[in-house]
Amino acid sequence: MTLEDAFRPRVLVTKIGLDGHDRGSRIVAAACRDAGMEVIYTPPWQTIAAVVKVALEEDVDVVGISSLATDHLIVPKLMNALREAGLGHMRVVVGGIVPDNEEALLLQSGVRQVFHPGGTMDEITARIRAYALEARQAGAHADQGSTP
Amino acid sequence: MNKPVESPFAAGAADAKARWEREYRESMVTERATENVSGIPVHPLYGPDDWSAYGQADPLGFPGQPDYTRGIYATMHRGRTWTQRQLIGLGTPADYNERLLGIMDRGATAVSLIPCNSVYRGYDMDSVEPELLGTCGVVVNNADHMDRCLEGVDLNRISCALNDPSPFTLLAFMLVTAEGRGVDWKNVTGTSNQSDYLSHHVANHMFYRLSLPGARRVLLDHIAFCNEKVPRWNPMSVVGQHMQQAGATPAEAMAFTLATAVQNAEDCIARGMEPDQFLPRFTFFFDISLSFFEEVAKFRAGRRIWARLARERLGAKKEAAWRFKFHAQTSGVDLTRQQPLNNIARVAVQAMAGIFGGLQSLHTDAYDEAFQVPSEAGARIAVATQNILREEAHLTDVIDPLGGSFYVEALTDAMEEKILAIMKTVEDAGGMYKAVESGLVQRMIGASALRLQHRVDSGEQTIVGVNAYRADDDAATRPAVERPDPAKMQAHLDAFSAWKARRSAAAVNAALDALSRAAEDPNANVFAAVVDGARAGLSNEEICARLRRDLGFGQPLAFV
């Protein structure tokens, strides 16, 4: 059995900032769960610090941020906070309403992918699984690197 | 010799029907079962047999007459057009005012005000991430900001809809503004568009402020206050829109909304209020999805259910209390980021469904709402769409033009039955308050949202440009998004901070204590204290934070 087969991704699905429209995050969380992933789901309106804490404690592979009302504008701050907490190996994806010009800014800040409306759940879960594997491998490298 | 051609009509109705059924069966290559979003089967043809009241002397009644299937007024849109109320809100109060006056010049007949999400959540601008300020609505934190928003708007004359959840700080700021301009509160008209706290707890969205019991009390105080002191104000807008946007089917959205209205009305009655006094000031707010006939039937069915509920269950005696007045907004969820200009066609169809459904007020979405707060160009097309439907296409020349259609009447009956069945589920759970408290309604809506997603993912439900008829990348048709000017927002923030610092700490504390005393005294009116607080110079966050402390700030239900 390969690593890929045995592997169960751990995914945090959450919302930061001010908006609470959670239809999308609930549907994606359900789809990840149904695709066999370990899903950590939070209510909306999390602070960046709270997301970093949950990501650390739950040792997730992927952080999924749903943004329907401009909260993606503070995702670059989240990326910095994750790196500062030593969680730079985690992959961050954003889903929701993100204008083209701001998508570029998110990708520059380290976001792995932005999912726009219209993607199927199969497409989204396949990408998340692939990113989780990347994160797990990057995390393993990081661990080896720090071993004396 | 010249034998006449045999008429297909001569054989009699039964034979004709049998012949059609045979021809239909033979000609249809693949027949598939079809049902609408609410789960009602849709047949290929409707006739007299499908409409239970067909053949009765007066199967539908007349517009303006109970049970109002054909509309709540005798003249409907032929007599008076609906209110063109475009939602706007962005940036600083000065930005908002500029956009508002522009849109009123182009035909909008009423004000709507959408505040920044920070305001909805009960915060001031100095305690949230600055990147988010004014990106989804206007940053209004005190009475001075409201005065600036409404500069040049005659509050004696123009109806203002405020997106203003409990504890109604925006209305408080507006009433203080009216006082300052010498406008009598008795002339102030409009609607508290987001007074329905139950819908906020169902669909989380951005409104979360007070706990369920706290919000319930403040709503009743607000209704009592407005009925007495601002009699032309509509303090209660029962909202089905959030629930349908969150995934409820049209029948569920109507059923939950009517159940909410019953809950709020019975709460008012328990407080000693008279249904004939408060019910005429109840309004409703709905989503209009693309499911055209289903939406028309939803509104027609809801209207007559409400007339009966108001009369029979709530005991209202005046017809004004039975009328189902509603604002509707075309559904943003139906709009697509892909090939966004297609959204103009979608919005036109949605708007038609609302018009044929008999709405009183309409917001048409801008085509670019699928990816941003509407641009000015997008908002202009949205307003023009309404004008085209009314004045070029003449949709309003005839009242209830779909009335008497076998399909529409059969569907109206079927939707009514479905809505009543869902209302029964809520009733069995102890009414809407209990059904929301327990999460029943949230679970039902979540399940419906998943079902709809599966229909889209499987291709059973076509979405042009998304799961069918896809085109190459069409980024060029999506305008670049503009965010509020950071320098202007910083100046707004600096002025606000200076204003806060200028105030007397003693006066602020006294105003906050007065708010607490009202919250602690069950016989006091908390909303009256909110207005006093606004007048004394309290900010949005100061009022909200104090009431959260005193009346509770429950956690939202969240589950997958």
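In vacuo Debye scattering of the protein assembly as shown, one point per C-alpha: log10 I(q)/I(0) at q = 0.10 Å⁻¹?
The calculated log intensity ratios at q = 0.10 Å⁻¹ are -1.00.
Inside 10 Å of the C-beta atoms of A:11-21, what's the mean count of C-beta atoms belonging to other chains?
Neighbouring Cβ atoms belonging to other protein chains average 5 per residue here.
Loop-only check: which GluC sites (Glu not before Pro) in the stretch B:387-462 are DSSP coil with at most 16 other Cβ within 10 angstrom?
The qualifying sites are B:460.
Report the one residue of A:68, A:7, A:32 whose Cα lies farthest in the direction of the positive end of the charge dipole of the stretch A:3-146 (charges on C-beta: Lys and Arg +1, Asp and Glu -1; origin at the Cα centre).
With unit charges placed on the Cβ atoms, the residue in question is A:68.
Are there any trypsin sites (Lys or Arg not before Pro) in the stretch B:265-323 that are in a DSSP loop and have at most 12 other Cβ atoms within 10 Å? List them by number.
Here the sparse-neighbourhood loop sites are B:317.
Quick check on chain B: of the DSSP beta bridges with both residues there, what percent are antiparallel, nearest 5%?
5 percent
Could you give the length gained on full extension between residue B:391 and residue B:469, defined as 0.36 nm per residue of separation minus the Cα-Cα distance, in nm?
24.9 nm
By counting other Cβ atoms within 10 Å of each Cβ, how are A:84, B:369 ranked from fewest to most?
The fewest-first ordering by Cβ neighbours comes to A:84, B:369.
If we count every other residue with Cβ under 13 angstrom of residue B:460's Cβ, Lys/Arg +1 and Asp/Glu -1, where does the sum land?
Cβ neighbours under 13 Å give a net charge of +1.
In the structure shown, do any of B:317/B:424; A:77/B:488; B:186/B:424; B:229/B:298; B:186/B:317; B:325/B:418 have a Cα-Cα gap over 28 Å, and if so which?
B:186/B:424; B:229/B:298
With charges only on Cβ, +1 for K and R and -1 for D and E, what is the dipole size of the protein assembly as shown about its Cα centre, in debye, rounded to 20?
Using only the charged Cβ atoms, the result is roughly 1160 debye.
Per residue of the protein assembly as shown, what 222 nm ellipticity follows from adding -39500 (n - 2.57) for every DSSP H run with n ≥ 4, rounded to the nearest 500?
-14500 deg cm²/dmol
May I ask you to derive the relative contact order of the stretch B:345-489, considering only C-alpha pairs under 8 Å and at least 6 residues apart, and to give it as an integer percent?
Result for the stretch B:345-489 is 14 percent.
Mind checking the stretch B:403-495 for chymotrypsin sites (Phe, Trp or Tyr not before Pro) that DSSP puts in a loop (not H, G, I, E or B) and that have at most 12 other Cβ atoms within 10 Å?
B:469
If we count every other residue with Cβ under 14 angstrom of residue B:203's Cβ, Lys/Arg +1 and Asp/Glu -1, where does the sum land?
Its environment carries a net charge of -1.
Limiting things to C-alpha atoms, what are the Rg and the maximum Cα-Cα separation (Dmax) for the stretch B:408-450, in angstroms?
12.2, 36
Counting Lys and Arg as +1 and Asp and Glu as -1, what is the net charge of the other residues whose Cβ lies under 9 Å from the Cβ of residue B:297?
-3
Which of rounded, prolate or oblate describes the stretch B:76-466 when judged by the alpha-carbon gyration tensor and an a/c cut-off of 1.5?
Here the stretch B:76-466 falls in the rounded category.
Just so you know, all these numbers are worked out from the coordinates, no wet-lab data involved. This one's a predicted model, so the numbers in the text were calculated from it and none came from an experiment. Methodologically, a virtual Cβ is constructed for each residue, glycine included, from the backbone with ideal geometry; neighbour enumeration extends over all protein chains shown.
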